[in-house]
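The values are calculated or read from the model by the stated rules, or taken from the named source; none is laboratory data. Keep in mind that what you see is a predicted model, and the values were worked out from it rather than measured. Note: ideal-geometry Cβ built from the backbone for every residue, glycine included; neighbour counts use all protein chains shown. Accessible surface areas use protein heavy atoms only, side chains included; no ligands, DNA or RNA. Shrake-Rupley method; radii C 1.70, N 1.55, O 1.52, S 1.80 Å.
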Amino acid sequence: MEKVLYSTHIFILPFKILEEDDKGKRKEAILSNKEEWKDYIPIKIIKQREKESDSEVENNKNMLKYFTKYAKDALFKYGEDKNDNYVMELHNTKIKNASFLLECYKNEEIIKRFNLELECVKVKFFDTSVGTISFIVNNYETGDIEDVLLINNQGRKIYLAYEKEAFSIVTIEKDGEKISQDISKVTISYEKGNEIVKNDIIGYFIDLNKIEPILDDRMYTISHYLDCNFSKTNGDNKEEFIKNRWKKYWYQYVFIDTADSKTCQDEYMEEELLQKSTYTRWKKYETQYGISRYSFMLWTNGENFSKEILNMHIKFLYFQLVNFVIAQKATIILLNEKINNILESNISTNIKEEGKKEYQEYLFYLAKMNFKEITCQEQGIEIYNFCRQQMDIEGLTEELDLKIKTLNERAERIRDEKELENDKKLNNIGMMLAILGTIFGILGIGEDYLTTTSESINIYGFFINILRDNSWILLVISFIIILLFKKHLILKILRKKQ
């Protein structure tokens with residue numbers, strides 16, 4: 001009997017890389033069980049299996065057609081391209097199509113157990129010091145919407161659950177080997193100001209001492225619910241049935257609540273939030289998208305087009321699109337954090353050098369990640385902009401721009417102050433030399449005048465002697481030096497005040 005796919009769930013944890021000496025060694029530095037990982041290079045998959053027409057080859061071809069060239073450079077490794085040391089995606093080859101057991105507890109009592117399929121675990125690295133780890137999970141067990149809501153709600157807490165929350169025990173099993181974690185027993189320690197979590201599930205795939213979550217402890221969730229109930233109702237009542245079903249559960253689905261708990265208890269605010277979070281282009285085709293700050297949700301019927309096309313779009317196209325927007329936000333947050341630390345630190349004459357790395361990473365972000373569009377496909381443009389809007393990428397980028405400008409202004413101010421201080425010292429030295437030159441010039445002239453005039457000394461004679469004697473040159477030069485240093489200092493002060 002053919003398995004029926006009821007839903008797909010993708011849980012994404014964005015992280016910052018704590019220590020990174022060489023971006024070309026990210027794989028060796030960050031990944032655990034390194035022998036289990038394989039580079040994902042779409043162009044190579046297509047070339048190696050060019051004559052084959054299986055779904056994986058076709059999906060990779062469609063994905064490369066979907067994204068623009070500069071977006072592909074930011075998302076994928078190409079084998080010999082210049083982005084190889086920075087951008088990469090890796091798939092775990094051992095934990096593939098494994099059993100993913102999710103046991104959900106509330107008040108220390110088990111309320112539900114789901115035996116799901118872990119299709120793949122993926123790690124992505126970007127041009128900046130951020131990455132993501134993603135768990136792609138398929139549900140062939142239950143089509144109940146309340147179960148789907150619970151899987152989303154509990155699955156996104158694989159990394160960490162807060163006290164007094166419902167929690168789960170997650171077990172991954174493949175070929176007799178098990179990795180298990182009671183999420184309520186995940187521990188946190190702090191080293192050098194960084195949050196280090198001990199979690200056996202995440203720790204099996206990446207070294208948790210080398211990374212720290214950058215956005216939220218609860219993982220970003222992508223979900224596709226294939227609602228078979230849509231097909232069970234026909235005739236005039238079908239549209240009304242779908243409308244009521246969406247109305248009852250759409251908020252919980254988009255905002256990852258469970259069926260018995262809503263995080264919004266005001267019907268007007270709920271309606272307003274859903275208006276801002278719902279993409280309805282294909283509504284009459286029983287297809288609706290919901291996009292929030294922490295979720296990308298698709299609810300469709302259970303027909304073949306949904307299973308074979310839209311589900312692949314979720315796993316290939318929208319997976320990459322969402323990861324890219326998450327990486328943009330993570331980069332902005334990381335750079336804001338670093339620049340705040342510099343701006344809040346004691347005034348340093350070396351501030352420009354301290355912020356050099358951050359400024360370089362900021363330029364990388366602007367050049368290689370901050371794109372207005374990453375596809376020429378109309379719906380793709382709309383959804384990409386929708387995601388960026390929900391995560392406030394433009395607003396956060398403007399805030400970062402302002403901080404970069406403040407950092408540069410502060411660095412320039414410190415440099416000008418240092419230059420002014422050096423100029424003052426130089427002026428003082430120059431003034432002293434000029435005064436000494438003037439004194440010695442006058443004394444030299446005076447001595448010569450006194451030796452040639454024994455009895456009558458007068459001012460007229462003194463200045464006549466200046467003109468005859470070469471000492472007048474030293475005197476003139478000394479006065480010029482005094483005037484020049486004075487003028488230079490005044491100009492510096494005026495520029496400083498401006």
Q: Summarise the accessible area of region 105-198 (1.4 Å probe, protein heavy atoms) by the percent that is carbon and sulfur.
A: 42 percent
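Ranking request for peptides 221-229, 326-334, 258-266, 197-205: highest mean number of other beta-carbon atoms within 10 Å first, then the rest in descending order.
On the way: 221-229: 22.0, 326-334: 23.7, 258-266: 12.4, 197-205: 18.3.
By packing density, highest mean first, the sequence is 326-334, 221-229, 197-205, 258-266.
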Q: Along each of the three principal axes of the Cα atoms of region 105-213, give the extent in whole Å, ordering the values from largest to smallest.
A: 43, 30, 29
Q. Ranked highest first by the average count of other Cβ atoms within 10 Å around their residues, in what order do 180-193, 238-251 fall?
A. 238-251, 180-193
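Given axes a ≥ b ≥ c from the Cα gyration tensor, I'd like to know whether region 134-185 is rounded (a/c under 1.5), prolate (a/b larger than b/c) or oblate.
Numbers: a/c = 2.08, a/b = 1.01, b/c = 2.07.
Oblate.
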Q. For region 207-299, what is the accessible area per residue in Å², given a 1.4 Å probe and the full set of protein chains?
A. 52 Å²
Q) Between their Cα atoms, which of LYS38/LYS77; LYS61/LYS315; LYS122/LYS283; LYS3/LYS106; LYS61/LYS174 are more than 22 Å away from each other? A) LYS122/LYS283; LYS3/LYS106; LYS61/LYS174
Q: Let me know the shape class of region 250-344, please: from the alpha-carbon gyration tensor, a ≥ b ≥ c as square roots of the eigenvalues, rounded when a/c is under 1.5, otherwise prolate if a/b is greater than b/c, or oblate.
A: oblate
Q. Too long at a 18 Å Cα-Cα cut-off: which of LYS27/LYS94; LYS72/LYS368; LYS72/LYS357; LYS16/LYS185?
A. LYS72/LYS357; LYS16/LYS185
